[in-house]
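Data first, discussion second: the structure below is written as C-alpha coordinates.
The values are calculated or read from the model by the stated rules, or taken from the named source; none is laboratory data. Predicted model, so just to flag it, every value in this text is computed and none were measured. Ideal geometry is used to build each Cβ from the backbone, glycine not excepted, and the neighbour counts take in all protein chains shown. Calculation scope for accessible area: heavy atoms of the full protein, side chains included, ligands and nucleic acids excluded. Shrake-Rupley method; radii C 1.70, N 1.55, O 1.52, S 1.80 Å.
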Amino acid sequence: MNQRIYLDYSATTPVKQEVLNEMLPYFTEKFGNPSSIHSFGREAKQAVDVARDRIAKAIGAKQEEIFFTGGGSEADNWAIKGIVYANKEKGNHIITTKIEHHAVLHTCEYLEKNGFEVTYLDVDQYGMIDIDQLKNAITDKTILITLMFANNEIGTIQPIKEIGALAKERKVYFHTDAVQAFGNVNINVNDLNIDMMSISAHKIYGPKGVGALYIRKGVKINALLHGGAQERRRRAGTENLPGIVGFGKAAELAMQNLDTHITHTASLRDRLVKGILDKVDFVKVNGHPIHRLPGNVNFAFEFIEGESLLLSLDMLGISGSSGSACTSGSLDPSHVLMAIGLTHEIAHGSLRLSIGDFTKEEDIDYVINELPKIVDRLRQMSPLYEKVKGGQK
(Lines give C-alpha, C1' and ligand atoms only; values in the text may rest on other atoms or scores of the structure.)
Protein backbone atom coordinates (compact mmCIF):
# COMPACT_ATOMS: atom_id res chain seq x y z
CA MET A 1 0.00 0.00 0.00
CA ASN A 2 1.77 3.12 -1.26
CA GLN A 3 -0.66 5.80 -0.16
CA ARG A 4 -3.19 6.51 2.56
CA ILE A 5 -6.21 8.63 1.73
CA TYR A 6 -8.36 9.76 4.63
CA LEU A 7 -11.99 10.33 3.68
CA ASP A 8 -13.62 10.02 7.09
CA TYR A 9 -13.57 13.64 8.29
CA SER A 10 -17.12 13.26 9.66
CA ALA A 11 -15.76 10.72 12.16
CA THR A 12 -12.84 12.89 13.27
CA THR A 13 -10.25 15.31 11.92
CA PRO A 14 -6.50 15.67 12.42
CA VAL A 15 -5.35 18.43 14.75
CA LYS A 16 -4.05 21.36 12.70
CA GLN A 17 -0.48 22.44 13.38
CA GLU A 18 -1.53 25.93 14.50
CA VAL A 19 -3.89 24.34 17.03
CA LEU A 20 -1.21 22.01 18.37
CA ASN A 21 1.30 24.86 18.64
CA GLU A 22 -1.10 26.83 20.78
CA MET A 23 -1.86 23.83 23.00
CA LEU A 24 1.68 22.64 23.73
CA PRO A 25 2.68 25.21 26.41
CA TYR A 26 -0.41 24.28 28.44
CA PHE A 27 0.87 20.75 28.97
CA THR A 28 4.16 21.87 30.51
CA GLU A 29 4.89 25.54 31.26
CA LYS A 30 1.37 26.94 31.73
CA PHE A 31 -0.12 23.96 33.52
CA GLY A 32 -2.03 25.74 36.32
CA ASN A 33 -5.51 24.86 37.52
CA PRO A 34 -7.89 27.63 36.37
CA SER A 35 -9.58 27.53 39.79
CA SER A 36 -6.35 28.41 41.64
CA ILE A 37 -5.89 32.05 42.65
CA HIS A 38 -2.09 32.19 42.22
CA SER A 39 -0.36 33.34 39.04
CA PHE A 40 -0.29 29.85 37.46
CA GLY A 41 -4.05 29.57 38.00
CA ARG A 42 -4.77 33.06 36.73
CA GLU A 43 -2.73 32.38 33.59
CA ALA A 44 -4.74 29.20 32.98
CA LYS A 45 -8.07 30.95 33.61
CA GLN A 46 -7.15 33.69 31.16
CA ALA A 47 -6.45 31.05 28.49
CA VAL A 48 -9.86 29.44 29.12
CA ASP A 49 -11.53 32.87 28.84
CA VAL A 50 -9.79 33.54 25.50
CA ALA A 51 -11.00 30.17 24.15
CA ARG A 52 -14.52 30.80 25.41
CA ASP A 53 -14.55 34.19 23.70
CA ARG A 54 -13.33 32.72 20.39
CA ILE A 55 -16.06 30.07 20.37
CA ALA A 56 -18.74 32.59 21.35
CA LYS A 57 -17.73 34.88 18.48
CA ALA A 58 -17.84 31.95 16.05
CA ILE A 59 -21.57 31.40 16.71
CA GLY A 60 -22.73 34.93 17.57
CA ALA A 61 -23.11 34.17 21.28
CA LYS A 62 -21.97 35.90 24.47
CA GLN A 63 -18.86 34.60 26.22
CA GLU A 64 -20.82 33.69 29.35
CA GLU A 65 -23.17 31.48 27.28
CA ILE A 66 -20.41 28.98 26.40
CA PHE A 67 -19.84 26.03 28.76
CA PHE A 68 -17.05 23.51 28.15
CA THR A 69 -17.78 19.78 28.26
CA GLY A 70 -15.95 16.52 27.61
CA GLY A 71 -17.37 16.34 24.07
CA GLY A 72 -20.50 16.48 21.95
CA SER A 73 -22.17 13.48 23.61
CA GLU A 74 -21.89 15.04 27.07
CA ALA A 75 -23.25 18.33 25.71
CA ASP A 76 -26.27 16.50 24.22
CA ASN A 77 -26.92 14.64 27.48
CA TRP A 78 -26.63 17.83 29.51
CA ALA A 79 -28.91 19.87 27.25
CA ILE A 80 -31.69 17.27 27.19
CA LYS A 81 -31.59 15.99 30.77
CA GLY A 82 -30.82 19.42 32.19
CA ILE A 83 -33.80 21.05 30.50
CA VAL A 84 -36.42 18.38 31.15
CA TYR A 85 -35.58 17.98 34.84
CA ALA A 86 -35.41 21.75 35.41
CA ASN A 87 -38.75 22.32 33.70
CA LYS A 88 -40.76 19.21 34.54
CA GLU A 89 -43.43 21.25 36.31
CA LYS A 90 -44.31 22.67 32.86
CA GLY A 91 -44.63 19.31 31.12
CA ASN A 92 -42.99 16.00 30.27
CA HIS A 93 -42.94 15.94 26.46
CA ILE A 94 -39.86 15.97 24.21
CA ILE A 95 -39.81 16.11 20.41
CA THR A 96 -36.89 14.72 18.40
CA THR A 97 -36.38 12.82 15.12
CA LYS A 98 -35.70 9.24 14.12
CA ILE A 99 -32.31 10.17 12.59
CA GLU A 100 -30.58 11.80 15.57
CA HIS A 101 -27.15 10.81 16.81
CA HIS A 102 -27.30 8.08 19.44
CA ALA A 103 -26.20 10.59 22.09
CA VAL A 104 -29.64 12.14 21.63
CA LEU A 105 -31.70 9.01 20.88
CA HIS A 106 -30.34 6.98 23.79
CA THR A 107 -30.81 9.93 26.15
CA CYS A 108 -34.44 10.23 25.04
CA GLU A 109 -34.94 6.47 25.46
CA TYR A 110 -33.53 6.74 28.99
CA LEU A 111 -35.95 9.57 29.79
CA GLU A 112 -38.89 7.56 28.43
CA LYS A 113 -38.14 4.99 31.15
CA ASN A 114 -38.26 7.80 33.70
CA GLY A 115 -41.68 9.28 33.09
CA PHE A 116 -41.12 11.47 30.03
CA GLU A 117 -42.90 11.15 26.69
CA VAL A 118 -40.95 11.41 23.44
CA THR A 119 -42.22 11.99 19.90
CA TYR A 120 -39.83 10.76 17.20
CA LEU A 121 -40.54 12.66 13.98
CA ASP A 122 -40.33 10.91 10.62
CA VAL A 123 -38.15 12.25 7.82
CA ASP A 124 -38.62 12.10 4.06
CA GLN A 125 -36.46 10.21 1.54
CA TYR A 126 -33.82 12.94 1.82
CA GLY A 127 -33.70 12.91 5.63
CA MET A 128 -35.65 16.18 5.96
CA ILE A 129 -38.33 16.76 8.59
CA ASP A 130 -41.80 18.10 7.79
CA ILE A 131 -42.36 21.43 9.59
CA ASP A 132 -46.13 20.81 9.68
CA GLN A 133 -45.57 17.46 11.41
CA LEU A 134 -43.39 19.26 13.97
CA LYS A 135 -46.09 21.92 14.51
CA ASN A 136 -48.72 19.25 15.05
CA ALA A 137 -46.51 17.35 17.50
CA ILE A 138 -46.21 20.29 19.91
CA THR A 139 -48.64 20.08 22.85
CA ASP A 140 -49.11 22.11 26.02
CA LYS A 141 -46.85 19.51 27.71
CA THR A 142 -43.94 19.98 25.28
CA ILE A 143 -40.86 21.43 26.99
CA LEU A 144 -38.09 20.63 24.51
CA ILE A 145 -37.43 20.18 20.79
CA THR A 146 -34.04 18.53 20.25
CA LEU A 147 -33.21 18.23 16.57
CA MET A 148 -29.84 17.93 14.84
CA PHE A 149 -28.53 20.74 12.64
CA ALA A 150 -26.98 18.42 10.05
CA ASN A 151 -27.00 14.64 9.91
CA ASN A 152 -23.71 12.88 10.57
CA GLU A 153 -24.37 10.05 8.10
CA ILE A 154 -26.18 11.53 5.09
CA GLY A 155 -25.26 15.20 5.55
CA THR A 156 -28.80 16.63 5.29
CA ILE A 157 -29.15 20.10 6.83
CA GLN A 158 -32.50 20.71 8.55
CA PRO A 159 -34.53 23.97 8.25
CA ILE A 160 -33.12 25.22 11.55
CA LYS A 161 -34.30 28.82 11.19
CA GLU A 162 -37.93 27.73 10.74
CA ILE A 163 -37.66 25.29 13.63
CA GLY A 164 -36.14 27.94 15.89
CA ALA A 165 -38.85 30.47 15.00
CA LEU A 166 -41.58 27.89 15.67
CA ALA A 167 -40.07 26.90 19.03
CA LYS A 168 -39.82 30.55 20.07
CA GLU A 169 -43.41 31.24 19.01
CA ARG A 170 -44.70 28.20 20.94
CA LYS A 171 -42.46 28.94 23.97
CA VAL A 172 -40.65 25.59 23.75
CA TYR A 173 -36.90 25.25 24.33
CA PHE A 174 -34.92 24.36 21.20
CA HIS A 175 -31.67 22.39 21.36
CA THR A 176 -29.66 21.42 18.30
CA ASP A 177 -26.78 18.98 17.99
CA ALA A 178 -24.52 20.98 15.68
CA VAL A 179 -21.44 18.76 16.03
CA GLN A 180 -21.36 18.09 12.27
CA ALA A 181 -22.51 21.56 11.20
CA PHE A 182 -20.15 23.74 13.25
CA GLY A 183 -17.19 24.69 11.05
CA ASN A 184 -19.01 23.52 7.92
CA VAL A 185 -21.82 26.07 7.69
CA ASN A 186 -22.35 29.59 8.98
CA ILE A 187 -24.19 29.56 12.33
CA ASN A 188 -25.59 32.47 14.31
CA VAL A 189 -27.55 31.29 17.33
CA ASN A 190 -29.55 34.53 17.57
CA ASP A 191 -30.62 34.61 13.93
CA LEU A 192 -31.67 30.96 14.21
CA ASN A 193 -33.40 31.25 17.62
CA ILE A 194 -31.34 28.40 19.10
CA ASP A 195 -31.56 28.07 22.90
CA MET A 196 -28.88 25.38 23.30
CA MET A 197 -26.31 23.98 20.88
CA SER A 198 -23.81 21.13 21.19
CA ILE A 199 -20.43 21.38 19.44
CA SER A 200 -17.18 19.41 19.52
CA ALA A 201 -13.52 20.24 18.91
CA HIS A 202 -12.38 17.09 17.12
CA LYS A 203 -14.70 17.68 14.15
CA ILE A 204 -13.04 21.04 13.37
CA TYR A 205 -9.32 20.09 13.47
CA GLY A 206 -9.11 20.41 17.25
CA PRO A 207 -8.32 17.82 19.95
CA LYS A 208 -10.56 14.96 21.06
CA GLY A 209 -12.21 14.92 24.47
CA VAL A 210 -13.45 18.51 24.57
CA GLY A 211 -16.74 20.02 23.48
CA ALA A 212 -19.07 22.83 24.48
CA LEU A 213 -22.71 23.54 25.12
CA TYR A 214 -24.07 26.95 24.21
CA ILE A 215 -26.83 27.87 26.67
CA ARG A 216 -28.76 31.04 25.94
CA LYS A 217 -28.84 33.42 28.90
CA GLY A 218 -32.06 32.92 30.87
CA VAL A 219 -32.55 29.25 29.91
CA LYS A 220 -33.59 27.22 32.97
CA ILE A 221 -31.34 24.15 33.05
CA ASN A 222 -30.00 21.81 35.73
CA ALA A 223 -26.37 20.75 36.00
CA LEU A 224 -25.47 17.28 34.73
CA LEU A 225 -22.21 16.88 36.69
CA HIS A 226 -21.99 17.90 40.33
CA GLY A 227 -18.88 18.58 42.39
CA GLY A 228 -16.78 21.69 42.00
CA ALA A 229 -17.74 25.23 41.07
CA GLN A 230 -16.21 25.17 37.59
CA GLU A 231 -18.02 26.64 34.58
CA ARG A 232 -19.92 29.07 36.80
CA ARG A 233 -21.22 26.17 38.93
CA ARG A 234 -22.87 24.56 35.92
CA ARG A 235 -20.37 21.80 35.09
CA ALA A 236 -18.10 20.30 37.76
CA GLY A 237 -14.60 18.99 36.99
CA THR A 238 -11.17 20.52 36.50
CA GLU A 239 -11.04 22.05 33.02
CA ASN A 240 -9.19 20.24 30.24
CA LEU A 241 -6.89 23.22 29.80
CA PRO A 242 -4.86 22.17 26.72
CA GLY A 243 -8.01 20.82 25.06
CA ILE A 244 -9.98 24.01 25.68
CA VAL A 245 -7.11 26.14 24.36
CA GLY A 246 -6.98 23.95 21.24
CA PHE A 247 -10.75 24.13 20.79
CA GLY A 248 -10.65 27.92 20.92
CA LYS A 249 -7.90 28.11 18.29
CA ALA A 250 -9.65 25.55 16.07
CA ALA A 251 -12.90 27.56 16.25
CA GLU A 252 -11.06 30.77 15.34
CA LEU A 253 -9.41 29.09 12.34
CA ALA A 254 -12.70 27.50 11.27
CA MET A 255 -14.36 30.92 11.07
CA GLN A 256 -11.41 32.55 9.28
CA ASN A 257 -11.33 29.74 6.69
CA LEU A 258 -15.08 28.99 6.45
CA ASP A 259 -15.72 30.24 2.91
CA THR A 260 -12.56 28.62 1.54
CA HIS A 261 -13.36 25.39 3.38
CA ILE A 262 -16.91 25.23 1.98
CA THR A 263 -15.77 25.95 -1.59
CA HIS A 264 -12.94 23.39 -1.41
CA THR A 265 -14.91 20.53 0.12
CA ALA A 266 -18.09 21.09 -1.92
CA SER A 267 -16.19 21.11 -5.23
CA LEU A 268 -14.40 17.85 -4.38
CA ARG A 269 -17.68 16.33 -3.17
CA ASP A 270 -19.37 17.16 -6.48
CA ARG A 271 -16.39 15.78 -8.41
CA LEU A 272 -16.59 12.52 -6.45
CA VAL A 273 -20.35 12.16 -6.89
CA LYS A 274 -20.21 12.78 -10.64
CA GLY A 275 -17.25 10.42 -11.07
CA ILE A 276 -18.95 7.52 -9.29
CA LEU A 277 -22.41 8.02 -10.80
CA ASP A 278 -20.84 8.09 -14.28
CA LYS A 279 -18.99 4.80 -13.72
CA VAL A 280 -21.28 2.70 -11.52
CA ASP A 281 -24.85 1.53 -12.06
CA PHE A 282 -27.39 0.70 -9.34
CA VAL A 283 -26.12 3.41 -7.02
CA LYS A 284 -27.79 6.43 -5.43
CA VAL A 285 -26.60 9.32 -3.28
CA ASN A 286 -28.31 9.43 0.11
CA GLY A 287 -29.28 12.74 1.70
CA HIS A 288 -30.65 15.99 0.36
CA PRO A 289 -29.30 16.98 -3.09
CA ILE A 290 -28.94 20.67 -2.14
CA HIS A 291 -29.34 21.19 1.61
CA ARG A 292 -26.37 19.10 2.71
CA LEU A 293 -22.94 19.43 4.31
CA PRO A 294 -20.27 20.52 1.81
CA GLY A 295 -17.94 17.57 2.40
CA ASN A 296 -20.41 14.72 2.92
CA VAL A 297 -21.11 11.97 0.37
CA ASN A 298 -23.18 8.91 1.23
CA PHE A 299 -23.60 6.30 -1.50
CA ALA A 300 -25.97 3.32 -1.45
CA PHE A 301 -24.67 0.55 -3.71
CA GLU A 302 -27.06 -2.24 -4.54
CA PHE A 303 -25.98 -5.91 -4.55
CA ILE A 304 -22.94 -5.48 -2.27
CA GLU A 305 -22.18 -5.56 1.44
CA GLY A 306 -20.77 -2.40 2.99
CA GLU A 307 -18.25 -4.08 5.28
CA SER A 308 -16.57 -5.85 2.36
CA LEU A 309 -16.49 -2.53 0.50
CA LEU A 310 -14.82 -0.76 3.43
CA LEU A 311 -12.23 -3.51 3.88
CA SER A 312 -11.44 -3.51 0.16
CA LEU A 313 -11.01 0.28 0.18
CA ASP A 314 -8.82 0.08 3.26
CA MET A 315 -6.52 -2.41 1.52
CA LEU A 316 -5.99 0.30 -1.12
CA GLY A 317 -5.28 2.90 1.55
CA ILE A 318 -8.70 4.60 1.39
CA SER A 319 -10.45 5.21 4.73
CA GLY A 320 -14.22 5.59 4.68
CA SER A 321 -17.18 4.64 6.84
CA SER A 322 -20.48 2.80 6.60
CA GLY A 323 -22.25 5.16 8.99
CA SER A 324 -21.53 7.07 12.17
CA ALA A 325 -18.23 6.35 13.93
CA CYS A 326 -20.09 5.34 17.09
CA THR A 327 -21.94 2.51 15.35
CA SER A 328 -19.61 1.42 12.57
CA GLY A 329 -18.68 -1.68 14.60
CA SER A 330 -22.31 -2.80 14.54
CA LEU A 331 -23.72 -5.20 11.95
CA ASP A 332 -27.22 -3.67 12.21
CA PRO A 333 -28.20 -1.41 9.30
CA SER A 334 -27.99 2.31 10.01
CA HIS A 335 -31.11 3.70 11.72
CA VAL A 336 -30.71 6.81 9.55
CA LEU A 337 -30.77 4.88 6.28
CA MET A 338 -33.74 2.83 7.45
CA ALA A 339 -35.58 6.05 8.40
CA ILE A 340 -35.17 7.47 4.87
CA GLY A 341 -36.79 4.35 3.46
CA LEU A 342 -33.91 2.15 2.30
CA THR A 343 -34.32 -1.62 2.51
CA HIS A 344 -32.04 -3.64 4.81
CA GLU A 345 -30.13 -4.93 1.80
CA ILE A 346 -29.43 -1.51 0.27
CA ALA A 347 -28.72 0.07 3.66
CA HIS A 348 -26.03 -2.59 4.18
CA GLY A 349 -24.39 -1.43 0.95
CA SER A 350 -23.88 2.13 2.13
CA LEU A 351 -20.60 4.03 2.08
CA ARG A 352 -19.93 7.42 3.63
CA LEU A 353 -16.94 9.34 2.30
CA SER A 354 -16.34 12.71 3.97
CA ILE A 355 -13.96 15.31 2.62
CA GLY A 356 -11.85 17.82 4.55
CA ASP A 357 -9.28 20.57 4.29
CA PHE A 358 -6.40 18.19 3.55
CA THR A 359 -8.20 16.25 0.81
CA LYS A 360 -6.65 16.77 -2.64
CA GLU A 361 -8.09 16.48 -6.12
CA GLU A 362 -5.80 13.53 -6.88
CA ASP A 363 -7.19 11.73 -3.81
CA ILE A 364 -10.70 12.03 -5.23
CA ASP A 365 -9.55 10.91 -8.68
CA TYR A 366 -7.88 7.85 -7.15
CA VAL A 367 -11.16 6.90 -5.47
CA ILE A 368 -13.11 7.49 -8.70
CA ASN A 369 -10.69 5.13 -10.44
CA GLU A 370 -10.57 2.38 -7.79
CA LEU A 371 -14.03 2.30 -6.18
CA PRO A 372 -15.91 1.15 -9.33
CA LYS A 373 -13.47 -1.78 -9.69
CA ILE A 374 -14.15 -2.87 -6.12
CA VAL A 375 -17.91 -2.58 -6.58
CA ASP A 376 -17.74 -4.62 -9.79
CA ARG A 377 -15.61 -7.33 -8.16
CA LEU A 378 -17.92 -7.64 -5.16
CA ARG A 379 -20.99 -7.75 -7.38
CA GLN A 380 -19.57 -10.67 -9.32
CA MET A 381 -20.19 -12.69 -6.13
CA SER A 382 -23.87 -11.71 -6.05
CA PRO A 383 -26.28 -14.11 -7.84
CA LEU A 384 -28.96 -11.41 -7.62
CA TYR A 385 -26.78 -8.91 -9.47
CA GLU A 386 -26.02 -11.42 -12.21
CA LYS A 387 -29.75 -12.08 -12.57
CA VAL A 388 -30.62 -8.36 -12.79
CA LYS A 389 -27.70 -7.66 -15.10
CA GLY A 390 -28.77 -10.52 -17.32
CA GLY A 391 -32.28 -9.09 -17.48
CA GLN A 392 -30.88 -5.77 -18.71
CA LYS A 393 -29.23 -7.29 -21.75
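Computed from phi, the 3J(HN,Hα) profile of the range 15-27 under the Karplus parametrisation 6.51, -1.76, 1.60 (θ = phi - 60°) reads 6, 5, 4, 4, 5, 4, 4, 6, 6, 3, x, 7, 8 Hz, with x in place of Gly and Pro. Applying Stokes-Einstein at 25 °C and 0.890 mPa s to the Kirkwood radius of the range 255-392, computed over alpha-carbon pairs, gives a translational diffusion coefficient of 157 µm² s⁻¹. In terms of its C-alpha gyration tensor, the range 70-125 has an oblate overall shape, because the principal axis ratio a/c (a ≥ b ≥ c, square roots of the eigenvalues) is not below 1.5 and a/b does not outweigh b/c. Apolar share of the accessible surface for the range 1-156: 49 percent from carbon plus sulfur atoms, 1.4 Å probe. Residues whose amide H comes within less than 5 Å of that of residue 318, counting only those at least five positions distant or on another chain, are 5 (H built at 1.01 Å from N in the peptide plane).
Across the protein chains, with a 1.4 Å probe defining accessible surface, the residues 225, 166 rank 225, 166 from largest area downward. Within the straight-line cut-off of under 28 Å between alpha carbons, the lysines reachable from residue 30 are 16, 45, 57, 62, 203, 208, 249, sequence neighbours fewer than 8 places apart in one chain being disregarded. Put a dot 7 Å past the Cα of residue 382, heading toward its Cβ, do the same for residue 208, and the two dots end up 3.3 nm apart. For residue 69, the residues whose modelled amide H falls within less than 5 Å of its own, excluding neighbours fewer than 5 places apart on the same chain, are 211, 212, 213. Per residue of the chain, the DSSP helices (runs of n ≥ 4 H) give a summed -39500 (n - 2.57) that works out to -12500 deg cm²/dmol at 222 nm. Provide, in order from the shortest bin, the percent of all Cα-Cα pairs of the chain in each 10 Å bin, continuing until the bin that contains the maximum pair distance. Per 10 Å bin, starting at 0, the Cα pair percentages come out as 5, 23, 30, 24, 13, 4, 1, 0.
Solvent-accessible area per residue in the range 258-381 equals 44 Å², computed with a 1.4 angstrom probe and all protein chains kept. Here residue 90 is the anchor, and the aspartates and glutamates within straight C-alpha reach of less than 16 Å, apart from those fewer than 8 places off in the same chain, are 117, 140.
The Rg/Rh ratio for the range 213-274 is 1.21, where Rg is the radius of gyration of the alpha carbons and Rh is the Kirkwood radius. Here each label is just a point 7 Å from Cα along the line to Cβ, and for residue 258 and residue 220 those points are 3.3 nm apart. Applied to the range 144-149, the Karplus parametrisation 6.51 cos²θ - 1.76 cosθ + 1.60 on θ = phi - 60° returns per-residue 3J(HN,Hα) values of 8, 10, 10, 8, 5, 5 Hz, with x for Gly and Pro.
Here residue 88 is the anchor, and the lysines within straight C-alpha reach of less than 18 Å, apart from those fewer than 8 places off in the same chain, are 113, 141, 171, 220. Taking every protein chain into account, the accessible area of the range 17-256 amounts to 41 square angstrom per residue (probe 1.4 Å).
Note on the chain: with charges restricted to the Cβ of Lys and Arg (+1) and Asp and Glu (-1), its dipole about the Cα centre is near 840 debye. When the Gaussian network model of the chain links Cα atoms closer than 10 Å, the mean-square fluctuations of 112, 305, 252 top out at 112.
Between the residues 97, 70, 214, the greatest Cα displacement towards the positive end of the dipole of the chain, with unit charges on the Cβ of Lys, Arg, Asp and Glu, is found for 214. Each eigenvalue of the Cα gyration tensor of the range 1-130, multiplied by 5 and square-rooted, gives one semi-axis; in descending order these are 35, 25, 13 Å.
Restricting the range 1-61 to GluC sites (Glu not before Pro) that sit in a DSSP loop and have at most 16 other Cβ atoms within 10 Å of their own Cβ leaves 29.
Taking the 1.4 Å solvent-accessible surface of the range 214-273 as the whole, the part contributed by carbon and sulfur is 49%. Taking the chain as a Gaussian network of alpha-carbon nodes connected by springs under 10 Å, the highest mean-square fluctuation of the residues 261, 202, 175 belongs to 261. Describe numerically, in nm with one decimal, the distance between label points set 7 Å from Cα along Cα→Cβ at residue 2 and at residue 170. Calculated label separation equals 5.7 nm.
A straight line joining the Cα centroids of the range 31-52 and the range 144-161 runs 35 Å.
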